[in-house]
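Chemist: Following this message is one structure expressed as structure tokens.
Derivation of every value follows stated rules applied to the coordinates shown; laboratory data play no part. Since the model is a prediction, treat every value here as computed from it, not as a measurement. Using ideal geometry, Cβ is built from the backbone for each residue, glycine included, and neighbour counts are taken over all protein chains shown.
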Amino acid sequence: MTTQPDRPLSGIDLREEIDRLRKERNAVILAHYYQKPELQDLADFVGDSLELSRKAAETDADVIAFCGVKFMADTAKILSPEKIVVLPDMEAGCSLEDSCPPDKFRAFREKHPDHIALTYINCSTEVKALSDVIVTSSSAETILEQIPDDQPIIFGPDRHLGGYLNRKFNRDMLLWPGVCIVHEAFSERELMKLKAEHPDAPIAAHPECPPHIIDHADHVGSTSSILQFAKTFQGDTLIVATEPHIIHQMEKALPEKTFLGAPGADGNCNCNICPYMALNTMEKLYLCLRDLEPRIEIEEGLRIKAKASLDKMLEMASGTIGKGDLGDPTGD
Ligand code: 13P
Ligand code: SF4
């Protein structure tokens, strides 16, 4: 595994070089909303996990440079194996993926053979290969609604997203105990203080937040759904309980409004920046386009297994699969 150093490249106009290389390489640059503003601004497409998966599956570029975390770049490679997929920093992981080692997940599945595995996209390729259907935060509700009420389900690795879905749809999915360290860090006490200062400001929260934050939210949804809410809410101030780099898109779309990041325990919302997403920089993006490294490689047998659960998500998210049509609940 190669990690590009974050060293200053003197005398180089990084923006100009990135533009030149993306043409030369026939590369598409995809970025998640949690990326640094400068990376969002130069990307060909910025989106949530579902939108980025769709783009990665559809693009006719030769190279995908993924400004996001590793499971996102892995997803791009699983869906577009013939393309070169590069990630500016291979250390850009995710606490949810780390919480769910494939051998433990396999053992959990084996203990519950009558359950299907509905799995959040924030997991390793191996865990995707052990799952029946992948979901993102923007596709989870649509997909869950297509699964018969009496079908037992394992949901991993995010217990907060799973718990939110259980409460909203009156299900009792078995939850894997993983959390996102970013959303876990929001403080209810500090949020209430901020709300007291801005009593008319609605709160928009990501479903990766724990229930004590979700309970105060006026809107709960994926990053793209929170962004949509920001574009339509009545009022002049919005409190945003997700990774604060998404506020960049809100400020660009609605410069006259105020967007406040929900605070962590120390009252400083900077502690809610995703440390993994933050590893990607302009320098590293330039280097990975120049060197076509670090590159995502996935063994073909594993890729095919993981693709099956991702394909199911893409079908079910667009409603092209029938209720109960989930294949073998054992995941084999
Ligand atoms: P979405 O953009 O799909 O809502 O995902 C949020 C997230 O935490 C990605 O790591
Ligand atoms: Fe993982 Fe949370 Fe960072 Fe998303 S924000 S990549 S879920 S740690």
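Chemist: Could you calculate the contour length gain from residue 174 to residue 228, that is, 0.36 nm times the residue separation minus the distance between their Cα atoms, to one decimal place in nm?
Modeler: Result for the pair: 16.4 nm of gain on full extension.
Chemist: May I ask you to give the average projected area over all directions of the convex hull of the Cα atoms of the range 134-225, in nm² rounded to one decimal?
Modeler: 6.2 nm²
Chemist: While we're here: For the chain, set up a Gaussian network in which alpha carbons nearer than 10 Å are linked by springs, and say which option among 318, 225, 138 fluctuates the most.
Modeler: Result for the chain, Cα springs under 10 Å: 318 fluctuates most.
Chemist: Computed from the mean reciprocal separation of all distinct C-alpha pairs, what Kirkwood hydrodynamic radius does the range 205-263 have, in Å?
Modeler: For the range 205-263, the Kirkwood estimate is 11.4 Å.
Chemist: For 83, 128, what's the fewest-to-most ordering of other Cβ within 10 Å of each Cβ?
Modeler: By the 10 Å Cβ count, ascending: 83, 128.
Chemist: Reported to two decimal places, what Rg/Rh ratio describes the range 28-90 when computed on Cα atoms with Rh from the Kirkwood expression?
Modeler: Expressed as Rg/Rh, it is 0.91.
Chemist: Connecting C-alpha atoms closer than 10 Å in a GNM of the chain, tell me which of 302, 161, 238 has the biggest fluctuation.
Modeler: Its mean-square fluctuation being the largest, the pick is 302.
Chemist: Please compute P(r) over all alpha-carbon pairs of the chain, binned at 20 Å starting from zero, and give each bin as a whole-number percent.
Modeler: Result returned by the calculation: 32, 58, 10, 0.
Chemist: Moving on to the next point. Semi-axes, largest first, in whole Å: what does sqrt of 5 times each Cα gyration tensor eigenvalue give for the range 158-208?
Modeler: Whole-Å semi-axes of the equivalent ellipsoid: 26, 14, 7.
Chemist: Just to be sure I understand: of the beta bridges DSSP finds with both ends in the chain, what percent are antiparallel, rounded to 5?
Modeler: About 10 percent, rounded to the nearest 5.
Chemist: Kirkwood hydrodynamic radius (Cα pairs, Å) of the range 181-316?
Modeler: For the range 181-316, inverting the mean 1/r across all distinct Cα pairs yields 17.1 Å.
Chemist: How much length is gained if the chain between residue 110 and residue 266 is pulled fully straight, taking 0.36 nm per residue apart and subtracting their Cα-Cα distance, in nm to one decimal?
Modeler: 52.0 nm
Chemist: When each pair of different Cα atoms in the range 95-149 is counted once in the 1/r mean, what is the Kirkwood radius in angstroms, to one decimal?
Modeler: In the range 95-149 this quantity evaluates to 11.8 Å.
Chemist: With r as the distance between the Cβ atoms of residue 258 and residue 304 and R0 = 51 Å, compute the FRET efficiency 1/(1 + (r/R0)^6) and round to 0.05.
Modeler: In this case the efficiency is close to 0.60.
Chemist: Given charges of +1 on the Cβ of Lys and Arg and -1 on the Cβ of Asp and Glu, with all other atoms neutral, how large is the dipole of the chain about its Cα centre, in debye to the nearest 20?
Modeler: Dipole magnitude for the chain comes out near 20 debye.
Chemist: With viscosity set to 1.567 mPa s and temperature to 4 °C, compute the Stokes-Einstein D of the range 1-121, Rh being the Kirkwood radius across alpha carbon pairs; µm²/s, no decimals.
Modeler: Taking Rh from Cα pairs, D becomes 81 µm²/s.
Chemist: Separate question: Once you have the alpha carbon radius of gyration of the range 49-189, what is it after dividing by 2.2 N^0.38 Å, with N set to its residue count?
Modeler: Against the empirical 2.2 N^0.38 Å value, I get 1.08 for the range 49-189.
Chemist: Top mean-square fluctuation among 11, 264, 235, Gaussian network model of the chain, C-alpha springs under 10 Å?
Modeler: It is 11.
Chemist: Shifting gears a bit: Within a 10 angstrom radius of the beta carbon, how do 245, 115, 219 rank from fewest other beta carbons to most?
Modeler: If I rank by nearby Cβ atoms, fewest first, I get 219, 115, 245.
Chemist: Quick one: of the DSSP bridges fully inside the range 92-185, what percent are antiparallel, nearest 5?
Modeler: Among the beta bridges of the range 92-185, antiparallel pairing accounts for roughly 0 percent.
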